[in-house]
């Protein structure tokens, strides 16, 4: 099966559970094959995670779609992404929001992701190598935050960087298994919704897991 046919099949499969047409459209037009190694080119549109080296993965397309849909992006938001990885999720966000600030702790991944995103003309993205503090406080506040690594709990430092009424999607649990949580920031008690089980690499840094 060619890549175009595989992409069409993937989108049709995602339609069963993903209702946001803008998210489906973004996934349909972002070439996932550019974000995977040549060894996995043939599997670019399989609904599965793939290795990108350094112990990291490019997420399963369904999880990318689910997390992105949960952010409820309209097009005028500033979004913080923790875990640039291959840059695939970043490219999806770039089509759906006004500005993306993406953080990656592995410098070589950050650089390769930037090259692909530049090639695709994603001019509304800035990528930074992670510092000691989780997130990127200098760019706060953010309308939405997406975390593509699993945390032991919801980090307070990230909630502080979120606007009132803003949404954060984050995997929370152990180093090996998590629940995908959508957190809506409120003045008093934040609204938390469980979107289901997932498996992500650990989120490293103060307020999360130690290296």
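The values are calculated or read from the model by the stated rules, or taken from the named source; none is laboratory data. Because the structure is a prediction, the values reported are computed rather than measured. A quick note on method: Cβ atoms are made from the backbone with ideal geometry, for glycine too, and the neighbour counts reach across all protein chains shown.
All conditions in (1) more than 19 Å from residue 126 (Cβ to Cβ); (2) in a helix (DSSP H, G or I) hold for residue 90, with the sole exception of (1). Restricting 17, 4 to residues that are more than 22 Å from residue 201 (Cβ to Cβ) and out of contact with any helix residue (DSSP H, G or I) (no Cβ under 8 Å at 6 or more places or on another chain) narrows the list to 4.
Taking region 180-194 as the range and being under 16 Å from the mean Cα position of the chain (by Cα) and more than 14 Å from residue 150 (Cα to Cα) as the test, only 183 passes. Within region 95-116, which residues are in a helix (DSSP H, G or I) and surrounded by 24 or more Cβ atoms within 10 Å (Cβ to Cβ)? Of everything in region 95-116, just one residue is in a helix (DSSP H, G or I) and surrounded by 24 or more Cβ atoms within 10 Å (Cβ to Cβ), namely 113. Among the numbered criteria (1) at pLDDT 95 or above; (2) over 14 Å from the mean Cα position of the chain (by Cα); (3) surrounded by fewer than 20 Cβ atoms within 10 Å (Cβ to Cβ), which one does residue 142 miss? Of the numbered conditions (1) at pLDDT 95 or above; (2) over 14 Å from the mean Cα position of the chain (by Cα); (3) surrounded by fewer than 20 Cβ atoms within 10 Å (Cβ to Cβ), the odd one out for residue 142 is (3).
Among residues of region 10-29 that are touching a residue at least 24 places away in the same chain (Cβ under 8 Å), those with a beta-carbon under 7 Å from a residue that is surrounded by fewer than 17 Cβ atoms within 10 Å (Cβ to Cβ) and assigned to a loop (DSSP other than H, G, I, E, B) at least six positions away or on a different chain give the pairs 10/47; 13/47; 24/15. Residue 18 satisfies every condition listed in (1) under 18 Å from the mean Cα position of the chain (by Cα); (2) under 22 Å from residue 199 (Cβ atoms); (3) not in a loop (DSSP other than H, G, I, E, B) except (3). All of 132, 77, 156, 81 fail the test of being over 25 Å from residue 6 (Cα atoms), within 14 Å of the chain's Cα centre (by Cα) and in contact (Cβ under 8 Å) with a residue 12 or more places away in the chain, apart from 81.
Considering (1) modelled with pLDDT of 95 or more; (2) surrounded by fewer than 21 Cβ atoms within 10 Å (Cβ to Cβ); (3) closer than 30 Å to residue 162 by Cα, the lone condition that residue 55 does not fulfil carries the number (1). Determine whether residue 33 is free of Cβ contacts under 8 Å to residues at least 12 places away in the same chain, assigned to a helix (DSSP H, G or I) and either touching a strand residue (DSSP E or B) at 6+ places or on another chain (Cβ under 9 Å) or over 15 Å from residue 128 (Cα atoms) (or both). No; evaluated as a whole, the condition is false for this residue.
Within region 172-211, work out how many residues are buried (at least 18 other Cβ atoms within 10 Å of the Cβ), closer than 23 Å to residue 129 by Cα and in contact (Cβ under 8 Å) with a residue 24 or more places away in the chain. Number satisfying all stated conditions: 6. Filter region 127-162 for residues that are over 17 Å from residue 192 (Cα atoms) and part of a strand (DSSP E or B) and give the result. Within region 127-162, 127, 128, 129, 142 meet the criteria.
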